[in-house]
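Enquirer: One structure coming up, written as C-alpha cells, with questions to follow.
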Amino acid sequence: PSDPLVVSLGGSVVLPCSVDTPLPMEDLEVQWKTDSETLVHLFQHGESKAESQHQDYYDRAHLFTEEIQHGNFSLLLNN
C-alpha cells in the first residue's frame, strides 16, 4: 500500500503481498522478516515452519497458505 498501515495495540493487521503471475509451488520459499532480519514467518517445502519463527512472532504471524497458489503471500499479524 502507498499509505502506512495503522493498527491499534493488541489488534490484527494484514500485510499485503502478492504477485500477478502465480509462482511454481515446488521449491518455493517465502520469508517475512523485519528490517533487522528477524524472521517473522517462513513458508518452505509446502508448509509454514512455525519452529523457525522468532519467539516474538510465534503463533502471531500466519500466511494464508491456501492462497499462495494464487500468488497471495499476505501475512496476518495478530497482537
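Enquirer: Condition first: within 12 Å of the chain's Cα centre (by Cα) and either among the basic types (Lys, Arg) or within 21 Å of Val6 (Cα to Cα) (or both). Can you find one or more residues in the stretch 22-33 that meet it?
Expert: Just the residues of the stretch 22-33 that are within 12 Å of the chain's Cα centre (by Cα), to begin with: 29-33.
Okay, now just the ones that are also either among the basic types (Lys, Arg) or within 21 Å of Val6 (Cα to Cα) (or both), so 32-33.
Yes, because at least one residue in the stretch 22-33 is within 12 Å of the chain's Cα centre (by Cα) and either among the basic types (Lys, Arg) or within 21 Å of Val6 (Cα to Cα) (or both).
Enquirer: Could you give every pair whose Cβ atoms fall below 7 Å, whose first residue belongs to the stretch 1-17 and is closer than 20 Å to Ile68 by Cβ, and whose second residue is in a loop (DSSP other than H, G, I, E, B) and small (Gly, Ala, Ser), counting only separations of at least 6 or pairs across chains?
Expert: Listed by first residue and then by second, the contacts come to Val14/Ser74; Leu15/Ser74; Pro16/Ser74; Cys17/Ser74.
Enquirer: If I ask for residues that are under 11 Å from the mean Cα position of the chain (by Cα) and without any contact (Cβ under 8 Å) to a residue 60 or more places away in the chain, which ones from the stretch 58-77 would you list?
Expert: First pass over the stretch 58-77, keeping only residues under 11 Å from the mean Cα position of the chain (by Cα): 60-65, 68, 72-77.
Answer for the stretch 58-77, where residues must be under 11 Å from the mean Cα position of the chain (by Cα) and without any contact (Cβ under 8 Å) to a residue 60 or more places away in the chain: Arg60, Ala61, His62, Leu63, Phe64, Thr65, Ile68, Asn72, Phe73.
Enquirer: Out of the stretch 50-74, which residues are farther than 18 Å from Ser12 by Cα and of a type in the set (Ser, Thr, Tyr)?
Expert: Ser52
Each value in this text was obtained by applying a stated rule to the coordinates, not by laboratory testing. What you are looking at is a predicted structure, and each value in this text was computed from that prediction instead of being measured. Cβ sites come from the backbone with ideal geometry, for glycine too, and all protein chains shown count toward neighbours.
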